[in-house]
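Coordinate-derived values only; no laboratory data. Given the structure is predicted, the values throughout are model-derived calculations rather than measurements. Glycine also receives a Cβ, built like all others from the backbone with ideal geometry; neighbour counts cover every protein chain displayed.
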Amino acid sequence: MQALRIYAGAGALAHLQQQGLSPSHVRTIPGAAGGPKGLILGPLDRFIFGPWLSQSKQTVDLVGASIGAWRMATACLHDSVSAFQRLEKDYIHQDYALEPGKKFPTPERISADFGASLEAFYGGRVQEVLSHPRYRLHIVTSRGRHILGREGKLRAPLGYAGAFFTNVARRKAMGAWLERVVFSTHHELPFHANDYRTRQIALKENNFNPALQASCSIPFVLRAVHDIPGAPRGAYWDGGITDYHLHLDYKTDDGIVLYPHFQQAVVPGWLDKSLKWRHGSSKFLDRMIVLAPSEEWIKKLPRSKLPDRTDFAHHGTNLAARVAQWRGATSMAQQLADEFARWLEKPDLSLVRAL
C-alpha cells in the first residue's frame, strides 16, 4: 500500500484473524473534528457508506464532532454518495466576505454564513437524517459551564485559559469548565461516558441545525450557539474541544469500530493536541480499526500536507488557489478508497499495524 495505512487494536486484530472484515461486523463509525483535514476522507466515506455498508443490515452508530458530525449526518441522507459529493464541493468552495478594513472575516460573519450553508444543505431533509432505518446519529458538542456559560470578550479567553491549565493536570477535571453534550437520534449512547462529564439530549428537527452548527463552532473563529432547544441553557461550542478525535470507551464487544481518520493517533480533546503523552492508544480502542493516510503519501499532496485551516491565511483572498489545492488533495484521496477496496477483496494481515 502506498497511500493507506490500516491500524487495529488488539481485539480488532484478533477479530480480523478469526473472521476477517465484512460490512456486517461494523457497529460504530466515528467522525473526527479537524476542519479541512476531513476533506481527505471523502472518497472513503463514499465507498464505505455507498456500495460497502449497503451489503449489510445491522444498525450502526455514527458519532461525530465538528466536520465529523457534518460527515456522519450526511451519511444518513438518502443517496449519501451524492450528498457526500455535495458536502465536499460546498466545503471546498466556502468563502467569507471581508468587512471594510478587515484582513479576516469576523466570527459573526463566519457563523452567519455557515449557518445559512447548513440550512441550504439540509433544507427539507432533516427527517431523512433523524429517521434513517439503520444509522443512529450522535452529534458531539461542548457546553460551557460557569464563566463559559455565556460567550463574552473576557469570559471566553479567561474560561478557555482555565480549561487549558486544568486539562493539563487532569483531563476529567476540565469538566468543571466544559461538558460533553451529545445530541442523539437513539436513547442509548454507543460508548460508556464515565471518562468525562456527559449529557445526552434527544436530537430532533427543531434542534438539529443548532446542534450541528454548535459542533462545528471553533472558539474565537465562530460564535458559540446559545440555548439550543431541548438542551440546558448555555453556550455550545465545537465538539472537538472535549472530544477532538473521539477517543471514547466504545461499547462494541463483538463487532468493530471502523474509523476513517486522517492520522493514526486518536487524540482525546482539542486541548490535548500539544500533550503528546495523551496521543497513544488505550483499552478504549481495543476493537477499533483506523484507516489513515501514510505520512509518505501526505507529502505528495499539494503543499505537502493535508488541507487545514492555515490554508485560509496562506491563500488569503485568492479563493481559486485554495480551491485548486483542496480539489487536488481530494482527487488524490481516491487512492485511499481504492486501496481499501482492494484490501477487502484480498485481505493481507501483514499490512495491519498495531494501533
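Sorting Trp70, Trp237 on the 10 Å Cβ count, fewest up front, what's the list?
On the way: Trp70 23, Trp237 29.
Fewest-to-most ranking of Trp70, Trp237: Trp70, Trp237.
Which of Ala97, Ala33, Ala211 moves the most in a Gaussian network model of the chain with Cα springs under 10 Å?
Ala97
Report, ordered by chain and residue number, the lysines lying within cross-link reach of Lys103, taken as a straight Cα distance under 23 Å and ignoring same-chain residues fewer than 8 apart.
Candidates past the 8-residue exclusion: Lys153.
Would you work out which of Leu355, Pro302, Trp277 lies farthest towards the positive end of the dipole of region 268-355, given +1 charges on the beta-carbon of Lys and Arg and -1 on that of Asp and Glu, about the Cα centre?
Trp277
Give the separation of the Cα centroids, region 58-114 to region 126-187, in Å.
Result: 19 Å between the Cα centres.
Just check region 175-244 against the gyration tensor rule for me: Cα atoms, a ≥ b ≥ c as the square roots of the eigenvalues, rounded for a/c under 1.5, and otherwise prolate or oblate depending on whether a/b exceeds b/c. Let's see the in-between values first.
Numbers: a/c = 1.72, a/b = 1.11, b/c = 1.55.
Oblate, because a/c is 1.5 or more while a/b does not exceed b/c.
Arrange the peptides 319-326, 257-264 so that the one whose residues have, on average, the most other Cβ atoms within 10 Å appears first. All intermediate terms of the calculation are to be shown ahead of the outcome.
On the way: 319-326: 16.1, 257-264: 23.6.
Order by mean packing, descending: 257-264, 319-326.
Go through Ser66, Ala163, Ser111 and say which Cα lies farthest out towards the positive end of the charge dipole of the chain; charges sit on Cβ, +1 for Lys and Arg, -1 for Asp and Glu.
Ala163
Mind telling me which of Gln58, Gln85, Gln19 comes out most flexible in a GNM of the chain, alpha-carbon contacts under 10 Å?
Between Gln58, Gln85, Gln19, it is Gln19 that shows the largest mean-square fluctuation.
Take the Cα coordinates of region 4-354, assign each an equal point scatterer, and use the Debye formula without solvent to give log10 I(q)/I(0) at q = 0.07, 0.08, 0.12, 0.15 Å⁻¹.
Per q value, in the given order, log10 I(q)/I(0) is -0.27, -0.36, -0.85, -1.39.
Rounded, prolate or oblate, given the Cα gyration tensor of region 202-355, with a/c below 1.5 counting as rounded?
oblate
Would you mind calculating the gained length between Glu108 and Leu275 on full extension (0.36 nm times residue separation, minus the Cα-Cα distance), in nm to one decimal? Intermediate results must be reported in sequence, preceding the final value.
Numbers: separation 167, 0.36 × 167 = 60.12 nm, distance 3.07 nm.
Contour length minus the Cα-Cα distance gives 57.0 nm.
Just how large is the dipole of the chain about the Cα centre, in debye to the nearest 20, putting +1 at every Lys and Arg Cβ and -1 at every Asp and Glu Cβ?
On the way: 44 positive and 32 negative charges, 170 e Å.
With only Lys, Arg, Asp and Glu charged at Cβ, the dipole is about 820 debye.
Can you list the residues of region 92-122 with backbone N under 12 Å from a point 7 Å past the Cα of Arg86, pointing along Cα to Cβ?
Within reach of a label on Arg86: 118-122.
Where nothing but the Cβ of Lys and Arg (+1) and of Asp and Glu (-1) is charged, how large is the charge dipole of region 1-133 around its Cα centre, in debye to the nearest 20?
On the way: 12 positive and 11 negative charges, 74 e Å.
Once rounded to the nearest 20, the dipole reads 360 debye.
For the chain, set up a GNM with springs between Cα atoms under 10 Å and report which of Gly255, Gly35, Gly328 has the largest fluctuation.
Fluctuation is largest for Gly328.
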